[in-house]
Amino acid sequence: MAKRNKGNSNKGNKGEKGEKGEKGEKGPTTSKDTKAFLAWLDGVPDPQERYRRATEELEKHQQAVEQLSSVRALAAADAYEAGETVRALAERLGVSPSRVHQLIQEAKAQAAKAAGRERQSGREKGST
């Protein structure tokens, strides 16, 4: 259904280990780094610098939240396309069937948006 970015979007993040992704295995985490950063940030004496750094970090985290939401929607859609019912998926994921429908629709919208960008990119390359 949807295209996935196979690249490693976690490059350069400190403290990330164990990227196997198998069921039951923990993947990389940056929560320790986040806590350490926040502790360091609290000690920055200049309020403007503290504000600037906090804003930069907030923007990074907001982008990560958007990406994580996409990954989650795609995972639900993949399971549905593999033959799992909405009701079974809802039970397994611990969400309502209506939430599963929402996730599937989000994944479809993401795929359509990506396809539109690819078509637009192709037109731009062809017109030069």
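No value in this document is a laboratory result; all are computed from the given coordinates. Remember, predicted model here, so these are calculated numbers, not experimental data. We place every Cβ from the backbone using ideal geometry, glycine too, and count neighbours over all the protein chains shown.
For region 31-126, the Cβ-based charge dipole about the Cα centre amounts to some 280 debye (Lys, Arg positive; Asp, Glu negative; other atoms uncharged). Potential lengthening of the chain between Trp40 and Leu93 amounts to 15.5 nm, from the contour at 0.36 nm per residue minus the alpha-carbon distance.
Defining a contact as two alpha carbons under 8 Å apart and six or more residues distant in sequence, what relative contact order in percent does region 40-128 show?
22
Summary of packing: across the peptides 105-117, 75-87, the per-residue average of other C-beta atoms within 10 Å ranks them, highest first, as 75-87, 105-117. Region 60-86 and region 87-105 have Cα centres lying 11 Å from one another. Taken along the Cα-to-beta-carbon direction at a fixed 7 Å, the label points for Glu49 and Gln62 span 2.4 nm. Would region 31-126 count as rounded, prolate or oblate if I go by the C-alpha gyration tensor, calling it rounded below 1.5 in a/c and otherwise prolate when a/b exceeds b/c, oblate otherwise? Note, shape of region 31-126 comes out oblate.
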